[in-house]
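Report on the structure given below.
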Amino acid sequence: MSEISIKPYVHHAQYYETDQMSIIHHSNYIRWMEEARLDFMSQCGVPYKELEEMGIIIPVLSVSCEYRSMVHFDDDVIIHVKVVRYSGIKMNLEYTFTNAATGELTTTGTSSHCFLNRDYRPISLKKDYADIDNRFRKMLAL
């Protein structure tokens, strides 16, 4: 069985993402977390589109972000995603953002999610989708 090798997500800061102070507006970091999360899941063999096709949705329960230094237009930001808790019913992730040019830590964040069916009812991946549950459990080790 081969090891999963995860590449960090890289986002190139766009001009339209800046605010009046010429720095990236704080709301964009949450979007970047979602982009990084979906990329991470795909690399782990759990593409979100496939989950939705199976009737599994993963809403956000909570999200937080701590801004440590500014990101500017044209910066490349490297975003690492880590699953820190997974129960088969809920999942918590951590995000670290670093400036690609300087290596400076710019932002940290967390998000919490649950698993629902199409009727918005909680499901247990362990009970109802053992193969998917196993893939998420492997993500814990990364």
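Can you run the Rg to Rh ratio on the stretch 75-129? Use alpha carbon positions and the Kirkwood inverse-distance Rh. Let's see the in-between values first.
Numbers: Rg = 15.5 Å, Rh = 13.0 Å.
Here Rg/Rh amounts to 1.19.
How far is helix 27-43 tilted off the main Cα axis of the chain, in degrees rounded to 10, range 0 to 90?
50 degrees
Protein chains only, probe 1.4 Å: how do 90, 127 rank by accessible area, largest first? Spell out each step's value before the answer.
Working: 90 110, 127 165 Å².
Output order, biggest surface exposure first: 127, 90.
Search the structure for amide H atoms under 5 Å from the amide H of residue 25, placed 1.01 Å from N in the peptide plane, and list their residues when 5 or more places away or on another chain.
HN-HN under 5 Å from residue 25: 18, 19.
Compute the acute angle (0 to 90°) between the alpha-carbon long axis of helix 130-140 and the principal axis of greatest extent of the alpha-carbon atoms of the chain; round to the nearest 10°.
Between helix and principal axis, roughly 30 degrees.
Rank 110, 18, 102 by accessible area, highest first, at a 1.4 Å probe radius?
Numbers: 110 60, 18 30, 102 95 Å².
Descending accessible area places them as 102, 110, 18.
How would you classify the chain from its alpha-carbon gyration tensor, with a ≥ b ≥ c the square roots of the eigenvalues: rounded for a/c under 1.5, else prolate if a/b is greater than b/c, otherwise oblate? Could you put the intermediate results ahead of the total?
Numbers: a/c = 2.41, a/b = 1.81, b/c = 1.33.
Since a/c reaches 1.5 and a/b is larger than b/c, the shape of the chain is classed as prolate.
Stretched out fully, how many nm does the piece from residue 35 to residue 87 gain, at 0.36 nm a residue minus the Cα gap? Mind showing how you got there, number by number?
Working: separation 52, 0.36 × 52 = 18.72 nm, distance 2.27 nm.
Full extension of this stretch gives 16.5 nm more.
I'd like the Karplus ³J(HN,Hα) series for the stretch 64-77: coefficients 6.51, -1.76, 1.60, θ = phi - 60°, whole numbers in Hz, and an x wherever there's a Gly or Pro.
Using θ = phi - 60°, the values come out as 9, 8, 10, 8, 9, 8, 6, 10, 10, 3, 6, 6, 9, 10 Hz.
Keeping every protein chain in place, order 51, 38 by accessible area at 1.4 Å, biggest value first, i.e. largest first. Write down the numbers at each step before the final one.
Details: 51 5, 38 60 Å².
Final ranking, largest accessible area leading: 38, 51.
The values are calculated or read from the model by the stated rules, or taken from the named source; none is laboratory data. These figures come from a predicted structure and were not determined experimentally. Surface accessibility is based on the protein's heavy atoms, side chains included, excluding ligands, DNA and RNA. Shrake-Rupley method; radii C 1.70, N 1.55, O 1.52, S 1.80 Å.
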